[in-house]
Amino acid sequence: MKRTGLKDLPNAVQGNVILRFAPNPNGPLTLGHARGVTINSEYAKNYEGKVVLRFDDTDSKVKPPLKEAYAWIEEDYKWLTGKEPDIIVRASERMDIYMKYAKKMLSDDFGYVCKCSAENFKKLRDSSKECPCRIKDPKENLSDWDEMNNGLIGEGMAVVRVKTEMNLPNPALRDWPALRIQHTTHPMVGDKYKVWPLLDFQSAIEDYEQGVTHIIRGKDLMDSTRKQTLLYEHFGWKYPETLYWGRVKIHEFGSFSTSGMRQEIENEKYSGWDDPRLPTLRALRRRGFDSDAMRDFWIDLGLTQKDISVSLQTIESFNSSKIDSSCERRVFVRNPQRIRLDDNNTQIERKLTLNKHPLNEIKGHREWDLEDLEIYIEARDLEHSEIRLKDFADIEIQDSNGIIQSIERTDKRQIVHWLPKSIAKKAILTIPKDNEIVIQEGMMEDIQIIKNNVVQLERVGYAKIESNDDDVIKLLWLHG
RNA sequence: GCUCGUGUAGUGUAGUGGUCCAUCAUGAAGCCCUCUCGAGGCUUCGACCCGGGUUCAAAUCCCGGCACGAGCACCA
């Protein structure tokens, strides 16, 4: 029996589930983040629980937060889930809480201020030896703590460590660092703090404060779980249920990073965060991807620890099935070739009425005027000498003339899309392809061209109407 | 090197000892229908990493190997 949707969460009580999604606000959300947003919000929905959107902005040096990114992320979250997060917290605004627990850690003697250099400590740690700072009493540690906070100790000169065991089998867990000194200015709170918590500490404390019941995170954070569990034991807290997902790679986008994109945008390699070549949610939204389709895709992948590599095609397939019934049809002729129709003494209608959608899922029609018998056809369709103009007539091509053979369909010849010159308007289709932009010029039927609508260009694919000015329609490629 | 994790068709995914000569989606090939290369319908292709063991019975449990990935940052 095929299960639909996500697996059950372990030890979850209906109505009492709290999850969290914790991005670094150094850029807008990407396709990768979409998995986290979708999985967490979907579980929250299933269990009538809550999602905490938490900004992990405790590093202003290596991954400096971007002031605008907070709002972008909230916007992206809302687009994808259709609702606001239940709770929003910014780590940088909750520093006093983390400081309080850090101090408690020192006064209760399960943490200490370590002044060893990183290299030195690593050496000791790798040979399971305690560092000399470890034996200091709480009083001395608290006075060192004050010096750290007063700025008397420079960056890199001291950290606060959590006491674990130096003979733990996994070296990564031995007396791990919880807070360090950063004198850089934080974009949101300025120079208020000299000491900042590291992710493992901040996240652990905040999960406790928010009453998080289930953590779903990348499996690269498995050691974080173990470190944080040791911290929780010191505090006497129970660690949340934790689930993991593996790494996801989308073929078409290769590997990318938010900071890398930020750099490329500054270098003007990309036009902005919504450049259609980028894997950001705003770029995909701009192109016309449907948020429900995107959620369906991630839910279908589910929650597994396998590292996977999927094709954009799969997402596109989910998207097509979501949007097809609501996309009106329009004709876009690429490399247009002008053909003059010869009525060949047959009686032809000079007005055509076409459905907006072949199955009439969208009511309404398009009226085509064929008065002057001049039409456009794609160059490549001229390779056949006998073709059928879709919804109109069988013709035979002779030079640049199209001789009408029959109004009724008489055989299985190729059906092509075409366009009366009288209703044709110049159009430009922008296609993101292999990290480049390809421009395809053509003629499009100038009927009800509404900005921001996604239409299906018959025999071409789906595209978003980005603008419709006096002389040209601008289209942005979605997918085939 | 140490620690941890994962291995089911091309790509994803279901399956937790028999109901599995293994599910569904996507993909590819082909057919039908529709006056789109779209939608719908149908057919075909195609997988349990390897080797042992436990058991009447293993994709499912155990052990070993192999492969891949991650962590071992005063990043998140």
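Numerical summary
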item: Paramagnetic reach from A:Val13 in the range A:212-246 [backbone N under 20 Å; point 7 Å along Cα→Cβ]; result: A:212-216, A:236-243
item: Options A:Leu124, A:Ala44, A:Asn319, ranked by Cα towards positive dipole end of chain A, top entry (Cβ charges); result: A:Leu124
item: A:Asp470 paired with A:Gln347, simple spin-label distance in nm, labels 7 Å along Cα-to-beta-carbon; result: 4.4 nm
item: Under 19 Å from the Cα of A:Lys123 - aspartates and glutamates, other chains or at least 8 residues apart; result: A:Glu165, A:Asp175
item: A:Gly218 long-range amide H proximity, modeled H, under 5 Å; result: A:Trp245
item: Sorted by Cβ density within 10 Å, fewest first, the residues A:Ser203, A:Ser320; result: A:Ser320, A:Ser203
item: Theoretical FRET efficiency, 1/(1+(r/R0)^6), r = Cβ-Cβ of A:Lys269 and A:Lys192, R0 41 Å, to 0.05; result: 0.70
item: Hits among lysines - C-alpha to C-alpha of A:Lys351 under 21 Å, sequence gap 8 or more where chains match; result: A:Lys363, A:Lys390, A:Lys421, A:Lys425
item: Expected 222 nm ellipticity per residue - DSSP helices of 4 or more, -39500 (n - 2.57), all of chain A, to 500; result: -8500 deg cm²/dmol
item: Cβ-placed point charges (K, R +1; D, E -1), dipole of chain A about Cα centre in debye, nearest 20; result: 1700 debye
item: Contour minus Cα-Cα distance for A:Gln440 and A:Ala379 (0.36 nm per residue); result: 20.6 nm
item: Linear extension gain, A:Lys67 paired with A:Lys45, 0.36 nm per residue minus alpha-carbon span; result: 4.9 nm
item: Rough spin-label spacing in nm, given labels placed 7 Å along Cα→Cβ, for A:Leu359 and A:Glu209; result: 5.1 nm
item: Charge context of A:Trp368, other residues only, Cβ under 14 angstrom, K/R +1, D/E -1; result: -1
item: Built amide H within the under 5 Å cut-off of A:Leu179, gap 5+; result: A:Val160, A:Leu198
item: Full-extension gain in nm, A:Ile135 to A:Asp411, via 0.36 nm per residue minus C-alpha separation; result: 90.2 nm
item: Net charge over other residues, Cβ less than 10 angstrom from the Cβ of A:Thr225 (K, R count +1; D, E count -1); result: +2
item: Under-5 Å amide H pairs with A:Ile18, H placed in peptide plane, nonlocal only; result: A:Lys50, A:Thr213, A:His214
item: Entries of A:Lys45/A:Lys227; A:Lys163/A:Lys306; A:Lys356/A:Lys451; A:Lys163/A:Lys192 with Cα pairs more than 23 Å apart; result: A:Lys45/A:Lys227; A:Lys163/A:Lys306; A:Lys163/A:Lys192
item: Residues in the range A:247-280 reached by a label modelled at A:Thr304 [backbone nitrogen below 17 Å; 7 Å Cα→Cβ]; result: A:247-251
item: Total formal charge among the other residues, if their Cβ is under 10 angstrom from that of A:Leu475, Lys/Arg +1 and Asp/Glu -1; result: +2
item: Dipole of chain A [Lys/Arg +1, Asp/Glu -1 at C-beta], most positive-end residue of A:Met443, A:Ala12, A:Gly402; result: A:Ala12
item: Sequence of A:Thr164, A:Thr353 once ranked by neighbouring C-beta atoms within 10 Å, starting from the fewest; result: A:Thr353, A:Thr164
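Computed from the coordinates by the stated procedures, all read-outs in this text should not be read as laboratory data. Since the structure is predicted, the reported quantities are computational estimates derived from the model, not experimental observations. In this analysis, Cβ positions are derived from the backbone assuming ideal geometry, glycine residues included, and neighbour counts consider all displayed protein chains.
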